[in-house]
Amino acid sequence: MERPQRWSTPFGAEMTSEDVEGLLRRPDIAAIESDKFPKHTPLHGVLLNDTRIVRFRSGDIVVREGDYGNSAFLVLDGSLRVVLAPELPQSMLGRQSRRRKGFFEALSQLWTNSRVPEVRDISHYQSQGLRGGTGSANARVFLQDVPAVLDKHRTAKLEDGALFGELAALGRVPRTATIFAEQDATLLEIRWQGLRELRKYDEGWRRMIDQRYRENALKTHLQESVMFSRLDEDALQAVVDKVLFETYGSFDWNVAFQKQRQSGSAKEPGIARQGEYPDGVLMIRAGFARVSVKHGNGERTLTYLGAGDHFGLGELYTAWKNPEISDIALYTSLTALGYVDVIRVPAPVLEEHVFPFMEAPESTTMELASTPVADDAMMEWAVEERFINATRSMVIELDRCVRCDDCVRACASTHGGNPRFRRHGRTFDNIMVANACMHCADPVCMIGCPTGAIHRTVETGIVVINDLTCIGCATCANSCPYNNIAMVAIRNSDGHTITDPNTGKAIFKATKCDFCDDNPGGPACVRACPHGALSRVHFQDFNPSGAA
Amino acid sequence: MAQGRSSGAIVTFGVLSIAVFAAAAWASHKAWLDLGDPSIITGCVLLVIMLSLGFFNVRKRMSMVPLGSARFWLAFHVAAGLLAIAMFWLHAGLVWPIGLYERVLTFLFYLVSITGLLGYGISRMLPRRLAQTEIEIIYERIPAEIAEIREKVEALVFECTEKTGSDTVAKHYIGTLNWFFSRPRFWVSHVVGGDAAGHWLRGPGVAARRYLNDPEVEYFDQVIELGELKCLIDRHYACQGLLKKWLLVHVPLSMAVIIMAVWHFILVNVYSL
Amino acid sequence: MITDPDRFRQDKSPYERPNFPFRCGRLSFWGKPCGRGPSSEGSCGGVSECSPYFNNDRWECRRSVRSGGPCETGPLPDGKCCNQHAACKPIPSLRNYRARFTMLAAALVVALIAAFSFYGDDARAINTVNPGELSGAHSKFTSAGGCATCHEPHDQDAATWLKAAWSPGTLSQSCESCHTFDGAATAPHNETFKTAGGERQTKCTMCHTEHKGDNTSIVKLADQQCSACHEKAFESFSNGHPAFSDTYPSRRRTAIAFDHTNHFGKHFEDPRFVDRAPKDRCVTCHDAGLSGRNVPVKSFEQTCAGCHEDQIGGRELVVFALPEFEENPFDIAAVREACGPSVASLEQAGEIVDTVQERMADITEAAALKEDLKKLRFDLGMGDGDAPESDEEYESVSLEVLPATAIMLLGLEDGEDMAEYSEPVGELVMGMVESGGEALMEKVDGKPGAATLFSGLSSDLLHQVGCAWAANEEYEAPAEAVAGGWFADALSLRYRPVRHGDPVAKAWVDLAAAGGEGVSDDMRDTILSQSDGPGACVKCHSVNEVKDKPDSLQIAWSLGAVSKQRHVRYSHVPHLNLLGLGQACETCHKMDENAEFAASFKQFNPLEFASNFKSIDNQTCVGCHAEGEVRQECTLCHEYHNGHGFKHRMTEAGLPADIPSPKETGG
């Protein structure tokens, strides 16, 4: 078997075998049983290709609360601080301190908006605490006054050998805390593939990661589920101890999705297959999964499941109620759409803690199968295009749209004279999903932003980009599977492109729809459409007038 | 869903318009009975309606502030526009007034009304036809799109000539097809929903096909396929263009009407009131 | 291309900027735009594809990824981009065109308005501002003054002109520069009403609208509009109009007490007079041919005279009569001196001469003779000093009493007190003797009609009459018959009216009617007696009370009381034209046999009247003026204005340059 394809682009280009040797000398790394690793992915290879040694200077922010990440960190040297309470202000994290404009402030855009596209006042960029070179992944946002931060915020120290960020890297959940370097620190950053290999092949790591997962995240997660909300503390603990967790699909599914778009071939990892015996209920913790049934010579999508949904409950409940039926089987198949994080609750747990106290679940999936396929075409398409990820996708009804571009102009008028979406996109029947940020439930764009410039706002959960800390690396734009982030070359007010004086290269900024977050009255595009053709929709609730 | 909301707004504003008209008609009749001047009431109402109709354009420029959804504004604009016509007749008392200035004003007002009605008509009609093309293109990108198709066609023709050693396709392109690919064609037919372009393509467009051998036909069919694509783009060009260009008449005339109406208002106040 | 699967990629499809006013000029040739795009001012964004960067002694290509990334050739040695192309001429976007057209339209309209409104002479300015042709009535006289004839602000400077926009209009005042009314122009009906509604100010423009074309009426008043003020609303004349008054149209007594019933029912049927009866009934006496609201009666001569002319001369007025005296009130000597020897005295003188001659025969009686001669001298009017004593007891020639007229003339209280009147009568008669008519004229000085009262009375006659009476003799009138006018009989001065309309008789009748100082009831009764008054005037002419003068009366000399209802109009002519003369009158005017017509003339209140004719009610008119039949709008019978007239005399030259000419009242 060949070595993993990903290793052709190692995580850290500067990682050398010497570095790996050095790492292997550390006791916590040395504890890994390298002989358990298969030949095609040896531990050495994992360390060489899936990790990198990164250095942070005092004050540098390593991870931010709310960020999505695809890597975990192991402290090699130095000390870090976890901010416990109160949280650091958004501006310190390199995020935009968002404030909704007043009516007249908003109105003033009428005359303050520039006629020159993408004008920026570069003097604003100086004030931001940013270091480590623009355009590179080494750029950092740093805290300018660490003692003051330590003074005002309760923090916890992280020292040598501490591992953090593994839950976000494996579970596609936002980072739960902000961590910054108190003193200059050296960390080993392990990308999610490497972390997954380590958990897979090394017993010690698995135990550590699983245990931390069970301790830190699982309980709260289960408690939030309707199924387990009735359980008392002890019963819940029993469930927590017994559930299994699995991940399917590629963490950065967006890359695969884009490739698959080009090639046209689709391969979705199966989670459960129609006709198989269900051994437990599957709860989706993150990501999306397709529920399908065989139809003719293909698979017909009945619905899709997102975070919080579960699969197989009906079948198990029926089996529990009717013990005489021996050959219980799944009615439908479940496949991962991109990346799915699944919690498997074994049947005995359910029979003990859940079924006795619940009413028969309503079976909806089989009813869906009785409708004509044409009714599902729209949903099938939305799943195919992964628009299910959208919470605020821009949907334009083409049989009503007069192509007046009022939406684009309205967008420009609220964004300094620059549109933040493109009025084209995938179409189906009479609807078009325009290339405007959909504010995804699973925002892959936020993975890998070196400065945290792209982030979700705390209040509304809208994905925004802080123009001041955006370094134009285009990571987000390339990650977005929907091409809804656009890189623009910024200009000064004379209309000249601003270039880096050291390289002569134009300076880019990532731009996208911010759902008019700082403007009064919600998204201007919706308001501006005279024919009511444009709406911002959560795809789960979307029921276009054209269909049905 | 959206349709329902929108037509709800139209109905609301329509009812409101009828109410305003009835109120104005009643008030002006009342004023007439009272030996007052009914045209003052109807005139002022009409002027306010005209200004508020004009404010639709201002609203479009001020999308950054929440001034109500443009959907409601359009519904208002349509209802108030119809109201303005009725109000105009109520005000003037005649379809065609006597004075020169008033005649010019009336003429322009009618033009604005007619273009408005036609504009609303095409705004409801053409989008459906556009959606039925199954392609979607931004109006401003159409020239580039046509240029790209033309480039592709010319590359195919060139390649065909090169590979097959026969210039039949090239001659046909130069003699006939080039006219079609050089720019959007059959504007009127596309606007009224005809298929003159397809008809042309299937007629003169493929006339040379019978003189081609198999390898040439392969190239030629690709060219015709691109031609069919261009027909759709032409349809977008014609329909989207009309959807934009009718405003080139409606908006400037509206401006003229509003200015003339304001001047008329001043004149009446100076000379009569 | 539109079929490319990656056409939406962010690095392939940049933001489309519809808010940008320009597009690459290549699009106008249906070509592909360049990567740079036009500048915001509308010039070409650049002729090269990149700006090479000088790095370590060599130029590096900096072509953007969107334009294809660094090119193969690389920059030229001098640091210029190798991909140079001709500059385009960017084209404005459609919206840019729209904005330009809009501005152009605005500018054009403003320019045209300015050009036509503020440029050129009046005639041209009128053409542009004029909302329509003036009516024929007004179009002629505005040619000189133009718009400013009515629209005051028209000729003012721009600031004043504009100010007029929010100051109240002066249009109604302008109307008053030509039109006049009997009341205020801005008062309803040009009247002063006591009711609340009368306080409302009116404007001419409420009912009059101009500039509606040459042939259009400038008055358009609908019936409902009357209800603006008139509270009693009704649908139309035929439906709900308030009833005419019970006495319509004969609210007032007619001037002439012509009893139609009596005449038509009795006299005209009488075989004695049947040949004199009116052949054409009404129109024999009534001149309906051209009549408007009032139908005039033909003259006395054409009408009543046929039967009643003789009755005028038969009634005399005794102005003065010599009353009885107990003692001679006259100074005989003075009378003798003024009158000369009277007939009687001459006789007496003759007798004296005879006696003297007898006595001359017997001269012894010298003393007696002397006395005789003295007497003789006196009788001949040559005497001086005292009258000779008469031993005869005075015996008044007259046993008459003073007539009421004389009492008035003498200013007496009681015409029967001999002691009271003796002296004034004596003085008057002496006045008559000495100064003729003047004595009488003095007495009526200051009374109404004084000049006429004794008109035609000769002083000679008075002298003679006076001398006779003063001499305690009866006046002997000449033998010839008296045709009319002043005359005297033995003891009285009389006037006999000459003809219909005799001025002296009218003057006496008026005097008696007017009453006042000295006019006694007796005198009134005498003169205003229907049977015995002079000329029997008041037999036909009604005697009416005078408003605000309780003791005065007035004689309706002229025919027909003209109605004072200024806001009602009616014209007989069109009705008669339609119905035909003659019997047509009786369509509406129906005789009422039972009316107490004559009785109503026995008193003086003209409003207490029982017409010979039945009153006319709405239904009479509604018979024709009704829905779907003959017109029935308010203004058909009601006239809005009160006495409309013109200030200026209309001439062919148009408006007079110099104002104001004398008021001329027209229609």
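Run down the aspartates and glutamates and flag those whose C-alpha is under 12 Å from the C-alpha of A:LYS39, throwing out any fewer than 8 positions away in its chain.
A:GLU2
Would you pull out the residues with amide H under 5 Å of A:ASP77's amide H, same chain only if 5 or more places away, H placed 1.01 Å from N?
Sorted by chain and number, the residues that satisfy this are A:THR186.
For chain C, what does the helix formula give at 222 nm: sum of -39500 (n - 2.57) over DSSP H segments with n ≥ 4, over the residue count, nearest 500 deg cm²/dmol? Display every interim value, and only then the final one.
Values: 26 runs with 206 residues, N = 667.
Value at 222 nm, helices only, nearest 500: -8000 deg cm²/dmol.
Please list 3J(HN,Hα) in residue order for the range B:45-58, calculated via the Karplus relation 6.51 cos²θ - 1.76 cosθ + 1.60 where θ = phi - 60°; whole Hz, with x for glycine and proline.
After applying 6.51 cos²θ - 1.76 cosθ + 1.60, I find 4, 5, 5, 4, 4, 4, 5, 5, 5, x, 5, 4, 5, 5 Hz.
Give the long-range amide H neighbours of C:GLY645: residues separated by 5 or more places, or on another chain, with amide H under 5 Å away, using H modelled in the peptide plane at 1.01 Å from N.
Distant-sequence amide H within range of C:GLY645: C:THR180, C:PHE181.
Can you list the HN-Hα couplings for the range B:122-129, worked out from phi with the Karplus curve (6.51, -1.76, 1.60; θ = phi - 60°), rounded to whole Hz and with x for Gly and Pro?
After applying 6.51 cos²θ - 1.76 cosθ + 1.60, I find 5, 5, 8, 8, 5, x, 4, 5 Hz.
Write down the percent of antiparallel bridges among all DSSP beta bridges whose residues are both part of chain C, to the nearest 5.
Expressed as a percentage, antiparallel bridges in chain C total about 95.
Which of these, B:GLY198, B:GLY119, B:GLY165, has the largest mean-square fluctuation under a Gaussian network model of chain B (Cα springs below 10 Å)?
Per the Cα network of chain B with a 10 Å cutoff, B:GLY165 tops the list.
Each label point is 7 Å from the Cα along the Cα-to-Cβ direction; what then is the distance between the points at B:GLU159 and C:TRP166, in nm?
So the two model labels end up 7.4 nm from each other.
Rounded, prolate or oblate for the range A:214-370? Axes are the square roots of the Cα gyration tensor eigenvalues, ordered a ≥ b ≥ c, and the cut-off for rounded is a/c under 1.5.
Working: a/c = 2.41, a/b = 1.32, b/c = 1.83.
Verdict is oblate for the range A:214-370.
Rounded to whole Å and ordered largest first, report the semi-axes of the equivalent ellipsoid of the protein assembly as shown derived from its Cα gyration tensor (root of 5λ).
Those come to 128, 36, 33 Å.
Quick one: grab the alpha carbon gyration tensor of the range A:279-361, order the square roots of its eigenvalues as a ≥ b ≥ c, and give me rounded if a/c is under 1.5, else prolate or oblate depending on whether a/b is larger than b/c.
Details: a/c = 2.49, a/b = 1.35, b/c = 1.84.
Cα axes put the range A:279-361 in the oblate bin.
How high is the FRET efficiency from C:CYS588 to C:ASP522, r the C-beta distance, R0 41 Å, rounded to 0.05?
Between C:CYS588 and C:ASP522 the formula returns 0.35.
Under 5 Å between amide hydrogens, which residues at least 5 positions from A:ARG285 or on another chain qualify, with H placed 1.01 Å from N in the peptide plane?
A:GLY308, A:ASP341, A:VAL342, A:ILE343
Taking the Cβ of A:LEU231 as the center, what net charge do the other residues with Cβ under 15 Å away carry, scoring Lys and Arg +1 and Asp and Glu -1?
Cβ neighbours under 15 Å give a net charge of -4.
Which value results for Rg/Rh of the range C:397-532 when Rg is the Cα radius of gyration and Rh the Kirkwood radius based on the inverse mean 1/r?
0.94
Between the range C:277-298 and the range A:331-398, what is the C-alpha centre distance in whole Å?
Here the two parts' Cα centres lie 110 Å apart.
Above 49 Å lies some portion of the pair distances; for chain C, what is it as a whole percent of all C-alpha pairs?
The share of Cα pairs beyond 49 Å in chain C comes to 55 percent.
Spelling out what I want: for every residue of the range C:243-256, take phi, set θ = phi - 60°, compute 6.51 cos²θ - 1.76 cosθ + 1.60 (Karplus), and round to whole Hz; glycine and proline get x.
Working through the residues one at a time gives 5, 5, 5, 4, 9, 4, x, 9, 6, 9, 5, 5, 5, 9 Hz.
Computed from the coordinates by the stated procedures, all read-outs in this text should not be read as laboratory data. Owing to the predicted nature of the structure, the values given are computational and were not obtained by experimental measurement. With ideal geometry, Cβ positions are generated from the backbone for all residues, glycine too; neighbour counts draw on all protein chains shown.
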